[in-house]
Every structure is written in structure tokens, then in C-alpha cells.
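The values are calculated or read from the model by the stated rules, or taken from the named source; none is laboratory data. Note that the structure is predicted; figures quoted are calculated from it, not measured. Every residue, glycine as well, gets a Cβ built from its backbone with ideal geometry; the counts of neighbours run over all protein chains shown. The area values use the complete protein model at the heavy-atom level, side chains included, leaving out ligands, DNA and RNA. Shrake-Rupley method; radii C 1.70, N 1.55, O 1.52, S 1.80 Å.
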Amino acid sequence: MESLKEKKVLISGASMAGLSTAYWMNKLGYKVTVVEIANEPRTAGAAVDIKGTASDAAKRMGVFEQLKSHRLNVEMIEFKNAEDITEGSISLTSEGAEPPDDDIEIERDKFVSIFIDKLKNDVEFIFNNSIAALNETKDDIQVTFKNGSQQAFDLVLGCDGIHSAVRKLWFGDESEYSHFLKGYFSIIIVNKLLVKQKTMQMYNVPDKGIVLNAYKNKTDIIFCFFSEKEIPYNYRDEEQQRKIILDLFEGQGWRTAEILEEVQRSKSFYFDKFCQIKMPSWTKGRVALVGDAAYCASPAAGMGASLAINGATALADALEKHKGNFELAFQDYNKNLRPFIEDVQATAELNVQEMFNLRTEEAIRKRNTQKTSF
Ligand SMILES: Cc1cc2nc3c(=O)[nH]c(=O)nc-3n(C[C@H](O)[C@H](O)[C@H](O)COP(=O)(O)OP(=O)(O)OC[C@H]3O[C@@H](n4cnc5c(N)ncnc54)[C@H](O)[C@@H]3O)c2cc1C
């Protein structure tokens, strides 16, 4: 696209949203720089899902077959009681059948390396740096980086996750946009199978749940619990967070004792609240947000990567349609993507209540013995 040549865009964050956005901006003809706060691409963390229209977007980006070749995909969900008896189960694939193309689960490192390989010759990546200040003028936006350097860009795209620095600098404090979903979760990834490969097992007592999800000789151990109000804890103190989980789940049935031993031994640990980011506009001036930074739906959606890919694609389609007129394009982006985001966020909120943090024995029995999908 002739009109976009020489236009420069800065993307903050080199993960699902940042890499998808970098792909499209480069394809549209922008000169793309990605700044990432970490020393290298972040590859640790739970697997992500590419679902529905995000699969179509991945096909348009030419990465679908590569993503698909690394698919993990759960085949069976089993609901367990305190005696380890399966009270109900959901089979997600029919015997011998290929899982559908519009639902691909993939480890984060595979996603990241597929995109970085595709972009490394065309896109400039700057690691170990971040945006410290933004100053918009009539013709561009001046960026001051943490290391003191300065550069002007035509657009800045914040793809820096739920705790986005671009959002904080340009749109206001996280507390204005973050909505607590009355629950917390923790994830520990262990390098062994605690249940059969491609199987997920769930065990709940009122207000608490444990999920085991096994793939490729690894198991994700996920804890979640209901909390009416936010609980005070130190975000940087992992041991304190680990203790919250150990204390809260001690003495529960099923395989809880054995699982808590894994938690004590494990090096990997992640703890956060279930929350969503809701903003009246994802754009302001020459700045737009994409992915969790703009519309995090929480892990309960199982849609984080899909939102990032769909968001990047919607933004690119709008810029292409309006031939780089970012003001009109940003209007379209806000308008066209919103119904989809609201739908996903509403489903995620229900998932927290009806799948992860069930409040009564009756609700647990009902969930365990009914055919449910999520
Ligand atoms: C425990 C857990 C389980 C999940 N399970 C699933 C699942 O099953 N399926 C699914 O699809 N999704 C899942 N998600 C959600 C999914 O991981 C996110 O929605 C997705 O990663 C969002 O992508 P993103 O690029 O917007 O943000 P992120 O992946 O958070 O990436 C943000 C990037 O920005 C960088 N960054 C941060 N601050 C700065 C800064 N100041 N300057 C520059 N760079 C910065 C970060 O280092 C990171 O690389 C889960 C999330 C969690 C936490």
C-alpha cells in the first residue's frame, strides 16, 4: 500500500497481540518496531487457544498450518469427586476423528517462535526496553524510552498485556478499567503427567476448584477460588501467594495432598485475580490498544490468543480500508470489534461462576453430571 510506506509504527509487547499486530502492520507497509520489556520473547505460561474466526485470521496470515502442526488439544474432560470417582465426563472428539480446524490449542513458545521467525527479517525488535513517556504532536507521536532514547512514530500500539504500561501512560490507571470477577486463580506447570495425556480433570468443593490438564508429558495444575472482595497480598512475593494456595486447599479431598506437594516443589508459579479490562474506547489520538491491554477477558474465557489475533486483524482491516487514515480506522476498530469482545467477556464471566468457582454442593453435582461445554 503506497500511502503507508515510510510511516512508522511502534508496538509495545512481543506476545500474542504484539506479534499478530506486527505481522499485519508490516504487511500493510508500515515500518514496524516492537519494543519488549523482557530480555527475550516470553515463552513461559499456559497454552493458548486459536478458535473460531481467529483460525480464519491465522489462515490469512499464512501461519495456520504451522500452528496446527503443534496442536495439543484436550480430548476428554472428567469431573471428579472426593473419592476420585468420575461423576461425569465430556468427550471433545469422536473416536478416530480429527479435531476441528477452528479450535487449536498450542504452547505459547511455539506461537511466539512461529511469528518471530516470520517477522525477524522485516521487523525491528528491541528487547529489555519499554516506553517511558509519550507526547503527541499534530504530525506524529514522540516516544521516550526507558533507556533515555527518543524517537517519533506515526502510531503507537499498546500490546503489552493486562497490566499495560501504554494504557497507564495514555488512558489512565488500571483501576479505572479493571473489573474483578470475584475469584482468584493460580497455575503451576509440572514436567510430568499427573493424569492421562490430553485429559483434563476437575474437582470442586464449594468456592474452590482444582484442574489438572495434561499434555506432552506436562501437567498444568490450576487452582481457583471464590472471593467476594479483593484480598490484600504483595504482588512481588511469590512465597506469600504460594502460602495462600497451600493454606486454602489443605485438607481437601481427591488428590489434593499430592497436588499440594507438587506446588511446594515446583519452580513455576503464577497467581492473579480473575478480572477483565473494559474500556469505553481502545484508542486515543495516535495510540491504540490490542489484546489483553484493551479487552482482557480473563483466562476463564480460554480466548486470550483469539482476542489478540482477532483484534490485530480488525485493526489492520480498518487501516487498510481507510488507506492509513488512522482516525477513521480507529473508529471502525472500536465499533466493529466491540460486539465480539462483549460476547466473549460475558461468557467468561459465566464460566467463572458456573465452571470454575461453583458455590454449592448442588451446583457442583449438577455441573459434574450434566453435559456442559465451555
Ligand atoms: C494462567 C493463564 C491461563 C491462560 N489460559 C489461556 C487459555 O487456555 N487459552 C487462551 O487463549 N488464553 C489463555 N490465557 C490468556 C492469554 O495468555 C492472554 O489472553 C494472551 O497472552 C494475551 O496476549 P497479549 O499479547 O495481549 O498479552 P501478553 O501475552 O500478556 O503479552 C504482553 C507482552 O507485553 C510485554 N510487556 C509488558 N509490559 C511491557 C512494557 N512496559 N513494555 C514493553 N513490553 C511489555 C510482556 O513481557 C509480554 O511479552 C491464560 C492466561 C493465564 C495468565
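Here's a check for you: in region 29-52, which residue that is at pLDDT below 95 and either more than 8 Å from the ligand (Cβ to nearest atom) or out of contact with any helix residue (DSSP H, G or I) (no Cβ under 9 Å at 6 or more places or on another chain) (or both) is nearest to Lys120 (Cα to Cα)?
Glu40
Name the pairs: first residue in region 92-105 and at pLDDT 80 or above, second residue among the acidic types (Asp, Glu) and part of a strand (DSSP E or B), Cβ to Cβ under 6 Å, at least 6 apart or on different chains?
Taking only residues 6 or more apart or on different chains, the pairs are Glu105/Asp49.
Could we say that Ile77 is more than 10 Å from the ligand (Cβ to nearest atom), closer than 27 Å to Asn204 by Cβ, without any contact (Cβ under 8 Å) to a residue 40 or more places away in the chain and surrounded by fewer than 21 Cβ atoms within 10 Å (Cβ to Cβ) here?
Details: more than 10 Å from the ligand (Cβ to nearest atom): yes; closer than 27 Å to Asn204 by Cβ: yes; without any contact (Cβ under 8 Å) to a residue 40 or more places away in the chain: no; surrounded by fewer than 21 Cβ atoms within 10 Å (Cβ to Cβ): yes.
For Ile77, the condition - more than 10 Å from the ligand (Cβ to nearest atom), closer than 27 Å to Asn204 by Cβ, without any contact (Cβ under 8 Å) to a residue 40 or more places away in the chain and surrounded by fewer than 21 Cβ atoms within 10 Å (Cβ to Cβ) - is not met.
Across region 135-174, what is the number of residues that are part of a strand (DSSP E or B) and within 12 Å of the ligand (Cβ to nearest atom)? Give the steps one after another, and end with the answer.
Going through region 135-174, the residues part of a strand (DSSP E or B) turn out to be 135-136, 141-145, 150-153, 155-158.
Now drop any that are not within 12 Å of the ligand (Cβ to nearest atom), which leaves 143, 145, 156-158.
Total meeting the criteria: 5.
For a quick check of your reading of the model, give me the residue pairs whose first member lies in region 175-190 and is part of a loop (DSSP other than H, G, I, E, B), whose second is open to solvent by 20 Å² or more (accessible area, probe 1.4 Å), with beta-carbon atoms closer than 7 Å and at least 6 apart or on different chains.
These pairs meet every condition: Tyr177/Lys278.
Out of all the residues in region 191-232, which are assigned to a loop (DSSP other than H, G, I, E, B) and among the charged types (D, E, K, R)? Please lay out each step first, then the result.
Just the residues of region 191-232 that are assigned to a loop (DSSP other than H, G, I, E, B), to begin with: 191-198, 206-207, 216-217, 227-232.
Result: Lys192, Lys196, Lys198, Asp207, Lys216, Glu228, Lys229, Glu230.
Restricting the search to region 208-257, which residues are in contact (Cβ under 8 Å) with a residue 40 or more places away in the chain, open to solvent by 50 Å² or more (accessible area, probe 1.4 Å) and acidic (Asp, Glu)?
Correct list: Glu228, Glu230.
Cβ-Cβ under 9 Å, sequence separation 6+ or interchain: first residue in region 148-163 and more than 14 Å from Ala132 (Cβ to Cβ) and without any contact (Cβ under 8 Å) to a residue 24 or more places away in the chain, partner open to solvent by less than 10 Å² (accessible area, probe 1.4 Å) and within 9 Å of the ligand (Cβ to nearest atom). Which pairs?
Listed by first residue and then by second, the contacts come to His163/Ala293.
Residue check, Val166 against (1) among the hydrophobic types (A, V, I, L, M, F, W, C); (2) open to solvent by less than 10 Å² (accessible area, probe 1.4 Å); (3) over 26 Å from Ser306 (Cα atoms), all met but one. Which one?
(3)
Do we find a residue being outside any helix (DSSP H, G or I) and either basic (Lys, Arg) or in contact (Cβ under 8 Å) with a residue 60 or more places away in the chain (or both) anywhere in region 308-324? Can you show your working first?
Initial filter on region 308-324 (outside any helix (DSSP H, G or I)): 322-324.
From what's left, either basic (Lys, Arg) or in contact (Cβ under 8 Å) with a residue 60 or more places away in the chain (or both): 323-324.
Within region 308-324 (the criterion being outside any helix (DSSP H, G or I) and either basic (Lys, Arg) or in contact (Cβ under 8 Å) with a residue 60 or more places away in the chain (or both)), the answer is yes, since at least one residue qualifies.
Give me the residue from region 1-27 that is assigned to a helix (DSSP H, G or I), more than 28 Å from Asp343 (Cα to Cα) and open to solvent by 10 Å² or more (accessible area, probe 1.4 Å) and, out of that set, farthest from the ligand (Cβ to nearest atom).
Kept after step one, since they are assigned to a helix (DSSP H, G or I), are these residues of region 1-27: 2-4, 16-27.
Then keep just the ones that are more than 28 Å from Asp343 (Cα to Cα); that gives 2-4, 26-27.
Now restrict to residues that are open to solvent by 10 Å² or more (accessible area, probe 1.4 Å): 2-3, 26-27.
Values: Glu2: 30, Ser3: 28, Asn26: 17, Lys27: 18 Å.
In this case the residue turns out to be Glu2.
Out of region 251-293, which residues are more than 14 Å from the ligand (Cβ to nearest atom) and within 21 Å of Glu230 (Cα to Cα)?
Of everything in region 251-293, just one residue is more than 14 Å from the ligand (Cβ to nearest atom) and within 21 Å of Glu230 (Cα to Cα), namely Lys278.
Out of Ala257, Ala294, report the one residue that is closer than 30 Å to Ala44 by Cα, aliphatic (A, V, I, L, M) and more than 23 Å from the chain's Cα centre (by Cα).
Details: Ala294 fails: more than 23 Å from the chain's Cα centre (by Cα).
Checking each option against the conditions leaves just Ala257.
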